Amino acid sequence: MPVTIVDNDPPMLSLSGGGPVAEGAPAAFTIVATSPPANDLTVRYRVRQNDPFVIFPGDFVAEANLGFKTVVLPAGDLSADFEVATMGDEPSQAEAGGDGQACGSADALAAKARANHDALANTAANRKERNDWWRAWIALSGKTGTYNTPLTAAEARLLETGDARWTPFRQALECTENNQP
């Protein structure tokens, strides 16, 4: 007499991402099952910026979009798609056609520059980078009383060629320099 064995294990799932995404465009993902589930299957996933050395938390994904989320793989289907919204860099006030009263997120970028400085160990190997971040903080915050000169947009442009993190700082510095009396 033949015996039928019914496989009642839940399907194995895999996650794949779409291609490269420009900041501000949604990142597309697909969950694929090895076999279609008999009932709707709620899949819990976590959105995070997984680089432990990220200096700008929330730079690519808004804080509100981080954390645990769910997507439903419908009964009988082998896949489900979902998207994660990303944030683009805020244009400076000058780029946005502003009146020069404020330069976009210069205050927030000043705080980031200071945090980037403080996050680097005070070692000889980090001296130049720490100093660049400090000078960016001085330039964007308008702080005085230090021995350093404020970083210029031209200097930030050179730093940007080797490190894309400098792009919003360069933009803010250009804005502040262009709007000085």
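Brief remarks on what is shown
- Pairing each residue of the stretch 134-145 that is surrounded by fewer than 20 Cβ atoms within 10 Å (Cβ to Cβ) and assigned to a loop (DSSP other than H, G, I, E, B) with any residue that is modelled with pLDDT of 80 or more and aromatic (Phe, Trp, Tyr), provided the two are 6+ apart or on different chains, yields C-beta distances under 9 Å for Lys143/Trp137.
- Scanning the stretch 25-47 for residues that are loosely packed, with under 12 Cβ neighbours inside 10 Å and either within 17 Å of the chain's Cα centre (by Cα) or more than 16 Å from Asp77 (Cα to Cα) (or both) returns Arg44, Arg46.
- Within the stretch 27-56, if we keep just the residues that are assigned to a loop (DSSP other than H, G, I, E, B), of a type outside the set (Asp, Glu) and modelled with pLDDT of 85 or more, the residue that is farthest from Asp118 (Cα to Cα) turns out to be Ala38.
- Residue count for the stretch 1-14 under the criterion of being surrounded by 11 or more Cβ atoms within 10 Å (Cβ to Cβ) and either modelled with pLDDT under 90 or within 28 Å of Ala119 (Cβ to Cβ) (or both): the result is 2.
- Given (1) surrounded by 15 or more Cβ atoms within 10 Å (Cβ to Cβ); (2) modelled with pLDDT under 85; (3) assigned to a loop (DSSP other than H, G, I, E, B), number of the condition Asp99 does not satisfy: (1)
- Pairs, first in contact (Cβ under 8 Å) with a residue 40 or more places away in the chain in the stretch 10-32, second open to solvent by 60 Å² or more (accessible area, probe 1.4 Å) and among the aliphatic types (A, V, I, L, M), C-beta under 6 Å, six or more apart: Ala27/Val21; Ile31/Leu13; Ile31/Leu15
- The one condition from (1) at pLDDT below 90; (2) surrounded by fewer than 18 Cβ atoms within 10 Å (Cβ to Cβ) that Leu109 does not meet is (2).
The values are calculated or read from the model by the stated rules, or taken from the named source; none is laboratory data. Since the structure is predicted, the reported quantities are computational estimates derived from the model, not experimental observations. Cβ: placed from backbone, ideal geometry, glycine included. Neighbour counts: every protein chain shown. Please note that ligands, DNA and RNA were not included when accessible areas were found on the heavy atoms of the full protein model with its side chains. Shrake-Rupley method; radii C 1.70, N 1.55, O 1.52, S 1.80 Å.
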